[in-house]
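The values are calculated or read from the model by the stated rules, or taken from the named source; none is laboratory data. Keep in mind that what you see is a predicted model, and the values were worked out from it rather than measured. Note that we place each Cβ from the backbone using ideal geometry, even for glycine, and neighbour counts take in every protein chain shown.
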Amino acid sequence: MTGSTEHSTTPSACCDAGADPAPAAPRLWTVDEHLADVLAAVGPLPAIELHLLDAQGCRLDEDVTADGDLPPFDNSSMDGYAVRTADTEGATDAYPSVLSVVGDIAAGADRLPKVGPGQAARIMTGAPLPPGAQAVAPVEWTDGGTGTGVAAAAMTAPVPDEEVRVLRPVTEGAHIRRRGSDVAAGTRVLEAGTRLGPAQLGLLAAIGRPTVKVRPRPRVVVLSTGSELVQPGRPVGPGQIADSNSFTLTAAAREAGAIAYRVGAVPDEADRLRAVLEEQLGRADLIVTSGGVSVGAYDVVKEVFESYGGVDFRRLRMQPGKPQGFGRIGGAAGVPLLALPGNPVSAYISFELFVRPVIRTMLGATDVHRPVVRALCPVALRSPAGRRQFLRGRYSAADGTVEPVGGAGSHLVGALARADCLITVPEETTELPAGSEVDVVLLDS
């Protein structure tokens with residue numbers, strides 16, 4: 001007992017002169033520190049010229065100016081008759097204006113009859129306005145050229161000495177699309193940074209642009225790691241689970257704007273994982289993996305990634321998603337890699353917080369983060385000390401409230417599928433009473 005007491009009150013051997021100091025505890029990164037470090041290492045992809053449909057979903061890298069007017073000529077917005085307004089003054093059903101039909105004008109016509117006093121030209125929607133005409137009388141405002149005084153719904157072929165009865169007056173410019181009324185020549189129609197959707201691509205085609213300079217959509221390779229993973233639809237044996245992460249993350253990457261390739265599950269075999277990575281590097285602007293980043297006996301993922309150099313595995317002050325990996329495969333100019341935890345909820349939340357902003361940055365977007373709103377939570381919340389917790393929730397914009405969905409477990413994919421937001425509890429907060437105001441990350445925006 002004496003010896004034991006003495007040992008407890010004398011300096012430890014580790015503190016003797018010359019002894020090695022105790023190893024420092026691994027650094028715990030905050031969510032914001034890790035995100036800033038990740039975003040500082042990536043940027044927009046180099047701009048390329050693409051054909052219009054290949055550019056869908058990309059962002060412009062140039063301002064686009066119209067070289068000509070749109071429409072390029074005055075044209076009719078209705079099927080009807082091109083007329084002079086003076087010839088229709090005072091027209092009624094009882095006293096119609098009777099005009100001679102001097103010809104037909106179809107869309108694309110290049111030879112146009114001249115409309116003089118007392119004359120009209122039958123015209124189709126989109127057809128150029130003939131010289132002399134000041135307006136278009138819709139066919140519903142006429143007898144259709146039948147000469148019977150009864151309005152006709154259909155246009156008929158012209159006949160010699162045909163007449164049309166106009167049943168109401170037409171004002172100047174009526175039913176005419178003026179040249180340049182949509183876009184005038186020299187107008188900037190799209191600004192750099194604009195995301196190209198169907199309407200924007202249609203505008204580019206309308207002004208005659210066959211190609212456009214854009215920031216391309218990043219090519220993202222997604223793979224899951226783990227010998228326990230089997231593909232959906234195959235029998236699940238003892239100790240096995242279906243691979244859901246590769247589907248979740250591939251879909252999330254596509255939703256963020258990337259061209260995503262799902263590789264699927266790779267077993268915990270170093271040679272196999274290294275071979276898959278080598279196969280995928282040639283088509284990847286970004287690689288996203290899930291699984292194998294926690295501290296454990298099977299550290300194949302870390303072993304393989306670290307063998308490339310430049311990949312750092314770290315622990316974050318967050319729940320779920322504490323273990324994270326980030327770096328480049330192939331040196332400073334290599335392909336960026338984000339290694340996420342294997343638990344499904346951890347992987348998805350990690351994607352939303354870190355991978356999605358990377359994809360949006362590569363696209364050249366300015367809105368790289370999900371919107372955050374403040375909402376009232378009607379139930380009490382608990383959170384571990386020192387960690388920023390992300391709870392799944394349902395947000396109601398109508399009354400500005402949010403409620404948790406499911407528990408805090410990182411395996412609860414059923415609850416995740418019902419959630420439309422993440423409820424954030426700060427690192428320094430361990431309890432929030434019912435009715436507290438919280439930050440809410442909107443996932444469906």
Task: Residue count, segment 69-92 (criterion: surrounded by 18 or more Cβ atoms within 10 Å (Cβ to Cβ) and polar (S, T, N, Q)) - done: 3
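Could we say that PHE313 is touching a residue at least 40 places away in the same chain (Cβ under 8 Å), assigned to a strand (DSSP E or B), over 20 Å from CYS421 (Cα atoms) and of a type in the set (Phe, Trp, Tyr) here? Step through it out loud before you land on a result.
Numbers: touching a residue at least 40 places away in the same chain (Cβ under 8 Å): no; assigned to a strand (DSSP E or B): yes; over 20 Å from CYS421 (Cα atoms): yes; of a type in the set (Phe, Trp, Tyr): yes.
No; evaluated as a whole, the condition is false for this residue.
Identify, please: which residue in segment 258-293 is among the charged types (D, E, K, R) and more than 13 Å from GLY330 (Cα to Cα) and is, among those, surrounded by the fewest Cβ atoms within 10 Å (Cβ to Cβ)? Full working, then the answer.
Taking segment 258-293 first, the residues among the charged types (D, E, K, R) are 262, 268-269, 271-272, 274, 278-279, 283, 285.
Those still in the list that are more than 13 Å from GLY330 (Cα to Cα) too: 262, 268-269, 271-272, 279, 283.
Numbers: ARG262: 17, ASP268: 17, GLU269: 14, ASP271: 9, ARG272: 15, GLU279: 12, ARG283: 11.
Here the answer is ASP271.
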Open item on the list: Going by what's in this entry, would ARG209 be described as at pLDDT 90 or above and surrounded by fewer than 20 Cβ atoms within 10 Å (Cβ to Cβ)?
Closed with: yes
- [ ] Please go through segment 378-403 and pick out each residue that is closer than 18 Å to GLU427 by Cα and of a type outside the set (Lys, Arg).
- [x] ALA380, LEU381, SER383, PRO384, ALA385, GLY386, GLN389, PHE390, LEU391
TODO: Read through the list (1) in a strand (DSSP E or B); (2) in contact (Cβ under 8 Å) with a residue 40 or more places away in the chain; (3) within 27 Å of the chain's Cα centre (by Cα); (4) surrounded by fewer than 21 Cβ atoms within 10 Å (Cβ to Cβ), then give the number of the only condition that GLY325 fails.
DONE: (2)
- [ ] Please enumerate the residues belonging to segment 358-381 that are closer than 14 Å to ALA253 by Cβ and buried (at least 22 other Cβ atoms within 10 Å of the Cβ).
- [x] VAL358, ILE359, ARG360, MET362, LEU363
Task: Flag for VAL355 being surrounded by 21 or more Cβ atoms within 10 Å (Cβ to Cβ) and over 30 Å from the mean Cα position of the chain (by Cα) - done: no
TODO: May I ask you to list the residues in segment 413-438 that are loosely packed, with under 15 Cβ neighbours inside 10 Å and more than 11 Å from GLN389 (Cβ to Cβ)?
DONE: GLY414, ALA417, ARG418, GLU428, GLU431, PRO433, ALA434, GLY435, GLU437
Open item on the list: So ALA415 passes all but one of these: (1) closer than 23 Å to VAL288 by Cα; (2) part of a helix (DSSP H, G or I); (3) in contact (Cβ under 8 Å) with a residue 12 or more places away in the chain; (4) not assigned by TED's automatic domain parsing to the domain that holds ASP243. Which condition number does it fail?
Closed with: (1)
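Being at pLDDT below 95, on the phi > 0 side of the Ramachandran plot and surrounded by fewer than 18 Cβ atoms within 10 Å (Cβ to Cβ): is that true of GLY400 here?
Details: at pLDDT below 95: no; on the phi > 0 side of the Ramachandran plot: yes; surrounded by fewer than 18 Cβ atoms within 10 Å (Cβ to Cβ): yes.
Spelling it out, it is not the case that GLY400 is at pLDDT below 95, on the phi > 0 side of the Ramachandran plot and surrounded by fewer than 18 Cβ atoms within 10 Å (Cβ to Cβ).
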Open item on the list: So in segment 294-303, with the set limited to residues that are surrounded by 15 or more Cβ atoms within 10 Å (Cβ to Cβ) and either of a type outside the set (Val, Ile, Thr) or at pLDDT 90 or above (or both), which one is farthest from GLN324 (Cα to Cα)?
Closed with: ASP299
TODO: Look at LEU338 and say whether it is part of a helix (DSSP H, G or I) and surrounded by 18 or more Cβ atoms within 10 Å (Cβ to Cβ).
DONE: no
TODO: Could you list, in sequence order, all residues of segment 127-161 that are surrounded by fewer than 16 Cβ atoms within 10 Å (Cβ to Cβ) and at pLDDT 95 or above?
DONE: PRO131, GLU140
Open item on the list: Need the failing condition index for ALA333 against (1) within 20 Å of VAL221 (Cβ to Cβ); (2) in contact (Cβ under 8 Å) with a residue 60 or more places away in the chain, just the number.
Closed with: (2)
